[in-house]
Amino acid sequence: MGTAARQKLYPLILRHMGKKVFIQEGVEFLGAEKIELGNEVYLFRNVKLNAWNDNCKILLGDRVAIDRGADISCAGDNCTIEIGDGTFVGPYSCIAGPGNIKIGKDCMIAAHSGIVANNHIFADPLQRIRDQGVTKKGIEIGDDCWLGYGVKVLDGIAIGKGSVIGAGAVVTKDLPPYSIAVGVPAKAIDSRLQVKEEVTHQHEYNQIAQGDLVSARSLSPNAATNAVEAVPANPSRDRAASKNELAHRPLENLLQATLECIRHILEVDTVAVLLQTENGEQLAVHATLGLEEEIETGVRIPIGQGFAGKIAAHPELTIVDDLSTIEIYSPVLRQKGLHSMLGVPLFASNRVVGVFHIGSLHPRHFTNKEAQTVRYVADRIGEAIEPVLRLWQMPDYVSG
């Protein structure tokens, strides 16, 4: 009832409110008439949006999710804070002006991060620091950036598109696109462009190899065999790792951060992402917190069997309050003593590619709100793994 009431009330006081906006109890709006929410925005418990000061705006794009306790405040006049489509802001993060802040699309900002577009001036030792004013240079973060747990970004900083900032880093200087930066102060230690270049080389090699094979098929049988065997088994080792290794690196980091976040938000004991095996007949655990034994023992779950297998076969939300009442294929679930589970299918390119599920060691009835959260996270995971799955499906051409 509270959610329904808020759906009716907030469009009357906000500058704009899109469709399918989810607002939990305890969310606080100051200067609501200067706040815009796009479609499918998620605002969890005790989020604070403050555009109270003169000539201020807070703009949240479509599918933005602000986790519980996060504080977004203009903190002064003439400030605009804009967060792009599909961006996630973790619990208890602080985003504050009065300098302008622009965060791009599809960014992930982990818990307890701080993005603060002001800095106290302290040049005069004879004057109190608080009387010397603050800088208001502003902060800009490009699309598809990932800021790890507790990252701090200072005023006047620009972080380029696709950058990854390690947990606890303090960003005091601009970072070029696709940087991998860590430390205090943050320093770029690598570039994701190198990984991209290696993947490009792999793709180019496969195209060349494919052309060689096509040409070989037009030759005599013996000549064709010789031509196939003449294709190198691997591309140059000094410039390209295997495509699986390249694909796994960013995906593993993203999934680990996501799993940690969802376990913390929903206070569950296990979180797992299962993906279909190459033959499409089984599921294998790809990333997990709490069910690591399934990876260590190489558990494979047939499609259509067990909790996850049935979700993959009949793709729909499934909640089980008591696991003892259903068929369980994986022995690890029994050994762990899991009592309750919630699972949803993972989609990529409009097809089921896996399952995402959470579990509790104690009796629990998962609510509709929790189900909505899990579905939202599953959608984001599907979007993230789609390009990686395309890479895995690139054919290898080796001597036969």
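The values are calculated or read from the model by the stated rules, or taken from the named source; none is laboratory data. Given the structure is predicted, the values throughout are model-derived calculations rather than measurements. Positions of Cβ are generated from backbone atoms using ideal geometry, with glycine treated the same way; all protein chains shown enter the neighbour counts. For the accessible areas, the whole protein counts, side chains as well, though only heavy atoms, and no ligand, DNA or RNA atoms are used. Shrake-Rupley method; radii C 1.70, N 1.55, O 1.52, S 1.80 Å.
A few points about this structure:
- Residue in the range 142-151 that is surrounded by fewer than 21 Cβ atoms within 10 Å (Cβ to Cβ) and assigned to a strand (DSSP E or B) present: no
- Single match in G38, G31 (criterion: over 17 Å from S93 (Cα atoms) and under 25 Å from the mean Cα position of the chain (by Cα)): G38
Each row is one residue, and each column tells you yes or no for (1) crowded, with 18+ Cβ neighbours inside 10 Å; (2) touching a helix residue (DSSP H, G or I) at 6+ places or on another chain (Cβ under 7 Å); (3) modelled with pLDDT under 90; (4) of a type in the set (G, A, S).
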{"residue": "I262", "(1), (2), (3), (4)": "yes, yes, yes, no"}
{"residue": "L275", "(1), (2), (3), (4)": "yes, no, no, no"}
{"residue": "R300", "(1), (2), (3), (4)": "no, no, no, no"}
{"residue": "Q305", "(1), (2), (3), (4)": "no, no, no, no"}
{"residue": "K310", "(1), (2), (3), (4)": "yes, no, no, no"}
{"residue": "P315", "(1), (2), (3), (4)": "no, no, no, no"}
{"residue": "N350", "(1), (2), (3), (4)": "no, no, yes, no"}
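- Hey, E386 open to solvent by 10 Å² or more (accessible area, probe 1.4 Å), in contact with a Ser or Thr (Cβ under 9 Å, 6 or more places away or on another chain) and either small (G, A, S) or closer than 18 Å to F88 by Cβ (or both) or not: yes
- Condition met for F347 (among the aromatic types (F, W, Y) and within 16 Å of T270 (Cβ to Cβ)): no
- For the range 41-56, filtering for residues that are free of Cβ contacts under 8 Å to residues at least 40 places away in the same chain and either of a type outside the set (A, V, I, L, M) or open to solvent by 80 Å² or more (accessible area, probe 1.4 Å) (or both) leaves 7.
- The range 259-306: number of residues that are within 30 Å of A65 (Cα to Cα) and assigned to a loop (DSSP other than H, G, I, E, B): 5
- Test for K137: is it part of a loop (DSSP other than H, G, I, E, B), farther than 22 Å from G86 by Cβ and either open to solvent by 50 Å² or more (accessible area, probe 1.4 Å) or aliphatic (A, V, I, L, M) (or both): yes
- Conditions (1) modelled with pLDDT of 90 or more; (2) surrounded by 15 or more Cβ atoms within 10 Å (Cβ to Cβ); number of the one not met by T325: (2)
- Within the range 80-123, the residues that satisfy the criterion of being open to solvent by less than 60 Å² (accessible area, probe 1.4 Å), closer than 23 Å to N55 by Cβ and of a type in the set (A, V, I, L, M, F, W, C) are I81, I83, C94, I95, A96, I101, I103, I115, V116, A117.
- Given (1) open to solvent by 20 Å² or more (accessible area, probe 1.4 Å); (2) farther than 25 Å from E260 by Cα; (3) of a type in the set (G, A, S), index of the condition G76 fails: (1)
- Filter pass, A188 being outside any loop (DSSP other than H, G, I, E, B) and either among the basic types (K, R) or open to solvent by less than 20 Å² (accessible area, probe 1.4 Å) (or both): no
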